[in-house]
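Working notes, structure below.
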Amino acid sequence: MSKPFVVGLTGGIGSGKSAVSDLFAQQGIDIVDADVVARQVVEPGTPALQAIIDHFGEAIVTDSGTLNRPALRKRVFDNDLDKQWLNALLHPAIRAEMQTQLEVATSPYVVFSVPLLIENGLDSMADTVLVVDCSEETQLARATRRDGSNIETIKSIMASQASRQQRLEKAQYVIDNNGELSALPPQVKSLHQQYMQQSAQKSAR
Ligand SMILES: CC(C)(COP(=O)(O)OP(=O)(O)OC[C@H]1O[C@@H](n2cnc3c(N)ncnc32)[C@H](O)[C@@H]1O)[C@@H](O)C(=O)NCCC(=O)NCCS
Ligand SMILES: Nc1ncnc2c1ncn2[C@@H]1O[C@H](COP(=O)(O)OP(=O)(O)OP(=O)(O)O)[C@@H](O)[C@H]1O
């Protein structure tokens, strides 16, 4: 079976990747989402969760044995070495699982949603790059509201990601998410038409 046409979707924390990928899913498109995969690879019983417990101690899991994500978020984004350690542990596992999910996808094209698409060179796995973009102030406000994290933690996550400019330079298309949520469906529908055409051209080659 030939490889599907892959749309790499990226954007900084709180930019609106999930809001956009939900709309592609409504068009019947399969989504491979790095944040979802990042949760799968640390489920109870996985070697990655055991390695995290060995490194950070038992306090990094909840009473029911699942990863305490807010605690780990605070640890890694307050400490560069811990972040590098976690990235080195999880990124190969996340990448391998995403590759498998891309291979089994059946929709005419696949949306490959990855926060660190540019940073980790995963744009090489995509046929085209779509960036969801909003101002840094808006990112900060939305991410703080959604996660209940303090502003400093969100700022340190943003500082560890590519800049808005670096991302835009890699984009073939940009979705503007500075406005209301209602501005997203028309942009996604128009891109859906274009990607359907591009995927048909790819499979004809
Ligand atoms: C530290 C963890 C446990 C915090 O979990 P939490 O549920 O609070 O956040 P969630 O996973 O939903 O991530 C929210 C956002 O944070 C940003 N983010 C997450 N991890 C990273 C990272 N290593 N570097 C930069 N930004 C990151 C992304 O924008 C992501 O969309 C979690 O983010 C994690 O396991 N990170 C390491 C894996 C990773 O790099 N994931 C990013 C996709 S490859
Ligand atoms: N245009 C918008 N207007 C108002 N709120 C929005 C808008 N777009 C997204 N949001 C909200 O902002 C928050 C961040 O959006 P979303 O979760 O889609 O971003 P994300 O890029 O997937 O973030 P992350 O990288 O942290 O996973 C969510 O609570 C979402 O409902």
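The values are calculated or read from the model by the stated rules, or taken from the named source; none is laboratory data. None of these values were measured; they are calculated from a predicted model. Quick reminder, even Gly has a Cβ in these numbers, built from the backbone with ideal geometry, and neighbours come from all protein chains shown. Please note that ligands, DNA and RNA were not included when accessible areas were found on the heavy atoms of the full protein model with its side chains. Shrake-Rupley method; radii C 1.70, N 1.55, O 1.52, S 1.80 Å.
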Review point. Which of the lysines could a cross-linker bridge to Lys74, judged by Cα under 19 Å and excluding same-chain residues fewer than eight apart?
Key: Lys83, Lys155
Point to revise | the chain - accessible surface per residue (Å², probe 1.4 Å) | key: 52
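Find the relative contact order for the stretch 37-106 and round it to a whole percent, using C-alpha pairs within less than 8 Å whose residues are 6+ positions apart.
Once divided by the residue count of the stretch 37-106, the mean separation gives 32 percent.
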Check your understanding: Over the chain, one equal point on each Cα, no solvent: what is log10 I(q)/I(0) by the Debye formula at q = 0.08, 0.18 Å⁻¹?
Key -> -0.29, -1.33
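To the nearest 0.05, what FRET efficiency results for Arg145 and Gln193 with a Förster distance of 35 Å applied to their C-beta separation? The partial results should precede the final answer.
Working: r = 33 Å, r/R0 = 0.93.
Given R0 = 35 Å and the Cβ-Cβ separation, E is 0.60.
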Review point. Between Val104, Val114, Val174, which gets the highest mean-square fluctuation from a Gaussian network model of the chain, Cα cutoff 10 Å?
Key: Val104
Exercise for review: Please report, in cubic angstrom per residue, the volume enclosed by the convex hull of the alpha-carbon atoms of the stretch 97-205.
Suggested key: 130
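Would you work out if the stretch 153-205 is rounded, prolate or oblate? Take a ≥ b ≥ c from the square roots of the eigenvalues of the alpha-carbon gyration tensor; rounded if a/c is under 1.5, else prolate when a/b is larger than b/c, oblate otherwise. Write down the numbers at each step before the final one.
On the way: a/c = 3.41, a/b = 1.65, b/c = 2.07.
Oblate is the answer for the stretch 153-205, as a/c is 1.5 or above yet b/c matches or exceeds a/b.
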Study note, to complete from the structure: Here D for the stretch 100-160, in µm²/s, from Stokes-Einstein with a Kirkwood Rh over Cα pairs at 20 °C and 1.002 mPa s, works out to 154
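Cα-Cα pairs above 18 Å in the stretch 37-106: how many percent?
Numbers: 928 of 2415 pairs.
I get 38 percent for the Cα pairs in the stretch 37-106 exceeding 18 Å.
Could you work out the relative contact order of the stretch 1-88, using alpha carbon pairs under 8 angstrom and six or more residues apart, expressed as a whole percent? Walk me through the numbers on the way to the answer.
Values: 36 pairs, mean separation 11.0, N = 88.
Worked out over the stretch 1-88, it gives 12 percent.
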Practice item. Report, to the nearest whole %, how much of the accessible area of the chain belongs to carbon and sulfur atoms, 1.4 Å probe, protein only. Key: 51
Practice item. Only Cα pairs under 8 Å and at least 6 apart count here; give the relative contact order of the chain as a rounded whole percent. Key: 37
